[in-house]
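Let me begin by presenting the structure, written as structure tokens, before commenting on it.
The values are calculated or read from the model by the stated rules, or taken from the named source; none is laboratory data. From a predicted model like this one, the values you see are computed outputs, not experimental measurements. As a convention, Cβ positions derive from the backbone with ideal geometry for all residues, glycine included, and neighbour counts pool all protein chains shown. Note: areas computed on protein heavy atoms with side chains; ligands, DNA, RNA excluded. Shrake-Rupley method; radii C 1.70, N 1.55, O 1.52, S 1.80 Å.
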Amino acid sequence: MKKVLFFFAVMTASITMAQDLPSNPQPGKCYVRCTTPDVYVNETVSIVVKPAYKTLKTVPATFKTVTENVLVKPEGKRLTVVPEKWGTETVTYVSKEGGNSISTSPASFTTSSETLEIKPAYAQWELGAPAPDCASGNPDDCRYWCYKGYPAEFTTIQTQVLAKDASFSKTPLGSRNATYTKTVLLSPAKVVEEVIPAKYKDITKTVLDKDAYTIEETIPAVTKTISREVLKEKGGLTTWKEVECSLVEYQALPISWNVNSATLTAAAKNLIDTRLMPVLQQNPGVKVELASHTDSRGSASANQALSERRAQAVAEYLKTKGINSSLLVANGYGEAKLKNRCKDGVSCTEREHAANRRTEFRLIN
């Protein structure tokens, strides 16, 4: 993707070179074109590649021989009447109920006293006598003020306090019991029912065990799930936005990729959230290139494929954060853009190789 970077060192006629350039640019500022993107949503579609259908299987009827115990004489009953029985019972009752007698003691008091403050302590300013050697014609000029304090005043009042409150005590009065005799039913009259058991006989017969039937089996449909993007809102409006000049140059996104892996770790996702997402949120509508590189170790084709997968992994994660796919350009450069001398055949330290294993981003037009 071609990078668009405008540096205006002086105000010149370059403003009028093209109709679609920013109006009133300022010297030393950088601008990128912001295009409102087409808004797409992902939807999953299931396609039936083979419909559901049924298979039928016939199962014949089966029979079995059973022995059945049949009733030849039903159950009967014989009833016997048993008369009631009576007895006597002595009952004890209270002929006179008990109670209580109550005696009382009056309350008693003792003499006491209580001291109360009738006037609180206070202080006030008082004018003293004039000085005898006052040189002023006004004697008040030679007088002084004193802030004098006076103690509180108290009085004592004779009082009574409760020594013992009024009380009472109870003395129980006994009760008397008596008895009487009554006739009671020991057992009521009843009818005793005796069951005469029924008579049975065993017989043998052939019965249907299971009737003929069909087994229906439904073969489910074969479906294939396809994910597709559907246009939700058409974009296309274009504006220019002033951005930091550093953002149109490659910025490091120091993801620590595992060896031969293009899977984002939790730490890598947190790095994208804190370093790249704020830039995209502050510059809505601006495209961003996601560039991934490898060191020179391994074949060039394998490194190219690995770098592309890593760049695409970052783009896919940004989509889950709500960034429109039309604003994301994922490029893998493999080992084509080494930052140092560590090309094939050159012996380098691990630290030097690590400088080439990098992921970067920049704002583009």
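Data for the structure
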| read-out | value |
| --- | --- |
| Phi to ³J(HN,Hα) by Karplus 6.51 cos²θ - 1.76 cosθ + 1.60 over segment 202-209, Hz, x for Gly, Pro | 7, 10, 10, 8, 9, 10, 6, 7 |
| Accessible carbon and sulfur surface of segment 258-365 relative to its total accessible area, %, 1.4 Å | 50 |
| Surface per residue (accessible, 1.4 Å probe) for segment 265-365, Å² | 47 |
| Cβ-Cβ FRET estimate between ARG78 and THR214, R0 fixed at 56 Å, reported to 0.05 | 0.50 |
| Unsatisfied cross-links (Cα-Cα over 27 Å) in the set LYS269/LYS339; LYS57/LYS205; LYS77/LYS201; LYS57/LYS210; LYS50/LYS321; LYS269/LYS337 | LYS57/LYS205; LYS50/LYS321 |
| Longest to shortest principal axis, alpha-carbon extents of segment 283-340, angstrom | 37, 20, 13 |
| Solvent exposure ordering (accessible area, 1.4 Å, most first) of ARG351, ARG176, ARG143, ARG78 | ARG351, ARG176, ARG78, ARG143 |
| Global geometry of segment 189-231, whether rounded, prolate or oblate, following the gyration tensor of its Cα atoms and the 1.5 cut on a/c | oblate |
| Two-decimal ratio, segment 245-365, of alpha-carbon radius of gyration to 2.2 N^0.38 Å | 1.05 |
| Difference of contour (0.36 nm per residue) and Cα-Cα distance, ILE226 to VAL49 | 62.5 nm |
| Residues of segment 90-111 with amide N under 12 Å of a point placed 7 Å along Cα→Cβ from THR171 | 100-104 |
| Per residue accessible area of segment 54-148, 1.4 Å probe, in Å² | 85 |
| Sequence-distant lysines (8 or more away, or on other chains) whose Cα lies within less than 29 Å of LYS182 | LYS85, LYS96, LYS190 |
| Accessible surface of THR223 - all protein chains present, 1.4 Å probe, nearest 10 Å² | 80 |
| Computed lengthening from ASP344 to TYR150, 0.36 nm per intervening residue step minus Cα-Cα distance | 59.2 nm |
| Convex hull volume per residue in cubic angstrom - Cα atoms of segment 62-204 | 468 |
| Prolate/oblate/rounded label for segment 144-199 (Cα gyration tensor, a/c 1.5) | oblate |
| Computed lengthening from THR111 to ALA300, 0.36 nm per intervening residue step minus Cα-Cα distance | 56.5 nm |
